[in-house]
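A.B. asks: Could you have a look at this structure, given as structure tokens, before my questions?
The values are calculated or read from the model by the stated rules, or taken from the named source; none is laboratory data. Small disclaimer: the values here were computed from a predicted structure and weren't measured. Glycine gets a Cβ as well: all are built from the backbone with ideal geometry, and neighbour counts include every protein chain shown. Keep in mind that these areas ignore ligands, DNA and RNA; they rest on the heavy atoms of the full protein, side chains included. Shrake-Rupley method; radii C 1.70, N 1.55, O 1.52, S 1.80 Å.
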Amino acid sequence: ALEKATSKVGYNVKITANLLNVRSGPGMNHSIVGMIRKNATYKLLEIKDGWGRISSPAGWISLSYAIAI
């Protein structure tokens, strides 16, 4: 599962939620900096504690709402 990955980055994920918040850091306590839509694909740059960092929009997404493609 993506939540368990720690070092494997550089692969793409597809968003499964209708709308997903992009946050300034890896966690719910970080501010929302944008939103992304279902079925969009993004390249993961970093993974931390079940969160993945994407570049555009720049920020972190919960990997509970993404699947590896």
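A.B. asks: In the chain, carbon and sulfur make up what percent of the accessible area (probe 1.4 Å)? Could the numbers behind the result be given before it?
C.D. replies: Values: 1980 of 4110 Å².
Reported share for carbon and sulfur atoms: 48 percent.
A.B. asks: Can you give the accessible area per residue of the chain, in Å², using a 1.4 Å probe?
C.D. replies: 60
A.B. asks: Then there is this: Grab the beta carbon distance between N12 and I32, set R0 = 22 Å, and tell me the FRET efficiency rounded to 0.05. The partial results should precede the final answer.
C.D. replies: Values: r = 23 Å, r/R0 = 1.03.
Using R0 = 22 Å, I get an efficiency of 0.45.
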